[in-house]
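The values are calculated or read from the model by the stated rules, or taken from the named source; none is laboratory data. A quick note: this is a predicted structure, and the numbers were derived from the prediction, not measured. Glycine also receives a Cβ, built like all others from the backbone with ideal geometry; neighbour counts cover every protein chain displayed.
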Amino acid sequence: MQPEQIINIIVAVADDWAIGRDGDMPWHISQDLKFFKAKTMGGSLIMGRRTWESIGCKPLPGRENIVVSARLAEEWKMAEGEDGACGPSGADAAAGTTAMAVESLEKALEAASRPEVFIMGGGMIYRQAIDIADRLFVTHVHTTVPDADTYFPVIDPEVWQLAERSNTSVDPRCGLKFEFRTYLRRSSDE
Ligand SMILES: NC(=O)c1ccc[n+]([C@@H]2O[C@H](COP(=O)([O-])OP(=O)(O)OC[C@H]3O[C@@H](n4cnc5c(N)ncnc54)[C@H](OP(=O)(O)O)[C@@H]3O)[C@@H](O)[C@H]2O)c1
C-alpha cells in the first residue's frame, strides 16, 4: 500500500442489496462490465477466492490481481513456476497483468502497488473492506433477487455521501434499469 493510495470498492448491487447467486452475478449488463473495465484498468484489484473462481481463475488483463485466500496463497507458493489448473496462469508482467494470492485482506492492501486500489468482491471481502474504503463505485441495478445468496452491506447515508449519479439506462438484452453512483466517505467532522 502506497501512502497516497485511494481504496475504492466497486460493485453492482440490486435494490435488495443482492450481488450474487450460485457463485455468479445475478445479471449480465454489458455496459456495467465496460464501466468496470474502464475504471479499474491499470489498477490493483483485490478479490476473494470465490470471486476469483467466478472470473475463471484467470487474471484480468492490465491489472494487478490480488486474491485473498489462505489456501491459494499456500498452493501458489508451492506451484511457483508451474501452470496450475487454478493458479496464476495468464499473468504477463510486461503487459501489466500480474496475479498473486495472499492470506488476508490486510496483506492484500500491503501488497497493492498501483495508485488506484479496487476491492471487487465478493460479499465476504466487501463486508471486511467497507469500513476502510474511501470511495464506492456502485452500479445500482433496479431489480430484486429473491434467490440470491450473497449481499452487499447496506450503504449508510450517515457514512457515505452521494457525489455523482448517472442517468438511468436500460440494458437492451435483460431489460433491467441501472445507474452508476459514486459515494465518498463523509469526513468525521461533518
Ligand atoms: N455484483 C457484484 O458486483 C459482485 C462482485 C464480486 C462478486 N460477486 C459475487 O459474489 C459471490 C462471491 O462472494 P462470496 O462472499 O461468496 O466470496 P468471496 O468474498 O469472493 O470469497 C470468499 C473467500 O475469500 C477468502 N477470504 C475472505 N476473507 C478472508 C480473510 N480475511 N482471510 C483469508 N481469506 C479470506 C476465503 O477463501 P478460502 O476459502 O480459499 O480461504 C473465502 O472463502 C459470487 O456470487 C460472485 O459472483 C458479485
Filter the stretch 107-140 down to residues that are assigned to a strand (DSSP E or B), within 11 Å of the ligand (Cβ to nearest atom) and in contact with a helix residue (DSSP H, G or I) (Cβ under 8 Å, 6 or more places away or on another chain), then give me how many there are. 4
So which pairs qualify, if the first residue must be in the stretch 92-112 and on the phi > 0 side of the Ramachandran plot, the second must be small (Gly, Ala, Ser) and outside any strand (DSSP E or B), the Cβ gap must be under 6 Å, and the two must be at least 6 apart or on different chains? 96/62
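If you go through the stretch 35-60, how many residues are charged (D, E, K, R), more than 16 Å from residue 11 (Cβ to Cβ) and within 14 Å of the ligand (Cβ to nearest atom)?
Initially, the stretch 35-60 is screened for residues charged (D, E, K, R), giving 37, 39, 49-50, 53, 58.
Restricting the remaining residues to those that are more than 16 Å from residue 11 (Cβ to Cβ) gives 49, 53, 58.
Imposing the further condition that a residue be within 14 Å of the ligand (Cβ to nearest atom) reduces the set to 49, 53.
Here the count works out to 2.
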Which ones in the stretch 1-16 are in a strand (DSSP E or B) and either at pLDDT below 95 or not polar (S, T, N, Q) (or both)? 6, 7, 9, 10, 11, 12, 13, 14
Would you mind telling me which numbered condition in (1) surrounded by fewer than 18 Cβ atoms within 10 Å (Cβ to Cβ); (2) farther than 27 Å from residue 22 by Cα; (3) not polar (S, T, N, Q) residue 183 fails? (1)
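Given the structure, is residue 156 at negative phi and in contact (Cβ under 8 Å) with a residue 40 or more places away in the chain?
So residue 156 does not fit the description; no.
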In the stretch 178-190, how many residues are assigned to a strand (DSSP E or B) and either acidic (Asp, Glu) or closer than 10 Å to residue 29 by Cβ (or both)? 2
Can you work out which of the residues in the stretch 17-34 that are surrounded by fewer than 13 Cβ atoms within 10 Å (Cβ to Cβ) and either of a type in the set (S, T, N, Q) or in a loop (DSSP other than H, G, I, E, B) (or both) is farthest from the ligand (Cβ to nearest atom)? 30
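Out of everything in the stretch 93-106 that is near the ligand (Cβ under 9 Å from one of its atoms) and assigned to a strand (DSSP E or B), what residue ends up being surrounded by the fewest Cβ atoms within 10 Å (Cβ to Cβ)? Step through it out loud before you land on a result.
Here is the first cut: in the stretch 93-106, the ones near the ligand (Cβ under 9 Å from one of its atoms) are 101-106.
In the following step, the residues that additionally are assigned to a strand (DSSP E or B) were identified as 101-102.
Numbers: 101: 24, 102: 21.
Going through the qualifying residues, I end up with 102.
Surrounded by fewer than 14 Cβ atoms within 10 Å (Cβ to Cβ) and at pLDDT 95 or above: which single residue out of 129, 85, 38 fits that description?
Details: 129 fails: surrounded by fewer than 14 Cβ atoms within 10 Å (Cβ to Cβ); 85 fails: at pLDDT 95 or above.
It is 38.
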